[in-house]
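Below is one structure, written out as structure tokens; comments come after it.
Every read-out reported here was derived from the displayed coordinates using simple, explicitly stated rules and does not represent laboratory data. Given the structure is predicted, the values throughout are model-derived calculations rather than measurements. With ideal geometry, Cβ positions are generated from the backbone for all residues, glycine too; neighbour counts draw on all protein chains shown.
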């Protein structure tokens, strides 16, 4: 239930692979800001802490690898964490890259939470779809996990 004073801001997170933010981050952040979503940069080591927070529901994390240096950092520091983080199903990673998709094996939990998008991208469409994806995840998390109550034929009113 939403309380009237509850803060309903929507945050997405951007993994920093370098010390500086590039124009892709700024363009994506501007597109999200126009849709009421805040894009916050985080470091690689903060991703696992973010997914472990109990008060945060489902976390949407974005990562962009356009250069070979960024791709190298991604493979060395982010990819080893993905197996554990994706298994928890509290995090969805959207990986934008000019390179190939990570081979995560055939585990279904990994495939449900890791999304690969190849450059070039249409940012307007992408931002709309990511916002809708997050809303659907939140609605699915609020649904009662049990089934319906059994009814005895002839006695149901």
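Rounded if a/c is under 1.5, else prolate if a/b beats b/c, else oblate: with a ≥ b ≥ c from the C-alpha gyration tensor eigenvalues square-rooted, which is segment 35-79?
Values: a/c = 3.17, a/b = 1.53, b/c = 2.07.
Oblate.
Shape verdict for segment 12-51, please, from the Cα gyration tensor: rounded (a/c under 1.5), prolate (a/b greater than b/c) or oblate.
Oblate.
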**OP:** Could you sort 93-102, 75-84 so that the peptide with the highest average Cβ count within 10 Å comes first and the rest follow in order?
**Re:** 93-102, 75-84
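What is the extension gain from residue 129 to residue 33, computed as 0.36 nm multiplied by their sequence separation minus the C-alpha to C-alpha distance, in nm to one decimal?
33.1 nm
Among 89, 19, 124, rank each residue by its count of other Cβ atoms within 10 Å, from fewest to most, as a rough exposure measure.
Values: 89 14, 19 5, 124 11.
So the residues, fewest neighbours to most, are 19, 124, 89.
If packing is taken as the average number of other Cβ atoms within 10 Å across a peptide's residues, how do 60-66, 27-33, 131-137 rank, most packed first? Provide the component values of the computation, followed by the final result.
On the way: 60-66: 20.1, 27-33: 16.9, 131-137: 14.6.
Sorting 60-66, 27-33, 131-137 by mean packing, highest first, produces 60-66, 27-33, 131-137.
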**OP:** Pop the C-beta distance of residue 89 and residue 23 into the FRET formula with R0 = 41 Å and round what comes out to the nearest 0.05.
**Re:** 0.80
